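Down below is the structure, laid out as structure tokens.
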Amino acid sequence: MKNDKSILSHVRPDSIGRRQFSLGLASLAAAMSLPNMSFAQSSAAAQKIADHFSSVKTMMGEFVQFGPRGEQTGGKFFIERPGKLRFNFEDPSPIRVIADGKNVVVGNMKLKTWDVYPLSKTPLSLLLSDRIDLGNQMVRDVKQESDLTTIVLGNKTVFGDSTITMMFDSKTYDLRQWTITDAQNKDTSVMIYNVKNGVSLDEKVFTIPYDEVRKG
């Protein structure tokens, strides 16, 4: 198992390479303007959104991912919080990403190879946490405008310079996009759509094939 704080940075899903994949959102965050509102006011409003997101335990839908070099791919995703996620990239990508609450694996179905990372060492764990607490030291920034609320989370002790940015609809409180920014300040964007909340998901969806992982 690799204990890599730059987890899931640059595993490109549209190529055979495994180490260029990351989950994230990049494009809109930089363009957002901060209204004339104090950080405390923004944080209070954002906490309502975070609490709503915490109440949504399961999600599924489709996604489009934009890599740091502009590469684009898509597929289907499944989330069960806390700690579980699956990304199935559409053909011809051979990549699968699975988090089972303890580890995250990036598998190449064509090459039958896997990379394994402790979930707790990745910013992805903040997205999949049971509750987003904006009162702790992980909050890097909160920005709010009429249609989107952006929350930036990080922890230098655990994740180094890597951060995750989550963007929510300010009216419905639904998660729309996220980004993971790595230590080299490179972003990968994920936009989700056709999302269904509160769905029943088979536990097999989040099962990591550890026998295959060990062989890989």
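The values are calculated or read from the model by the stated rules, or taken from the named source; none is laboratory data. Since the structure is predicted, the reported quantities are computational estimates derived from the model, not experimental observations. Every residue, glycine as well, gets a Cβ built from its backbone with ideal geometry; the counts of neighbours run over all protein chains shown.
With the condition kept exactly as written, say whether any residue in region 175-183 is in contact with a Lys or Arg (Cβ under 9 Å, 6 or more places away or on another chain), under 20 Å from Gln65 (Cβ atoms) and in contact (Cβ under 8 Å) with a residue 60 or more places away in the chain. Yes.
When you check Ala44 against the structure, is it modelled with pLDDT under 50, within 20 Å of Asp147 (Cα to Cα) and among the small types (Gly, Ala, Ser), yes or no?
no
Would you list the strands (runs of 3 or more DSSP E) that sit entirely within region 49-160 and hold 1 or more residues that are in contact (Cβ under 8 Å) with a residue 40 or more places away in the chain and β-branched (Val, Ile, Thr)?
Counting at least 1 such residues, we get 58-66, 72-80, 95-100, 103-108, 113-118, 139-144, 148-154.
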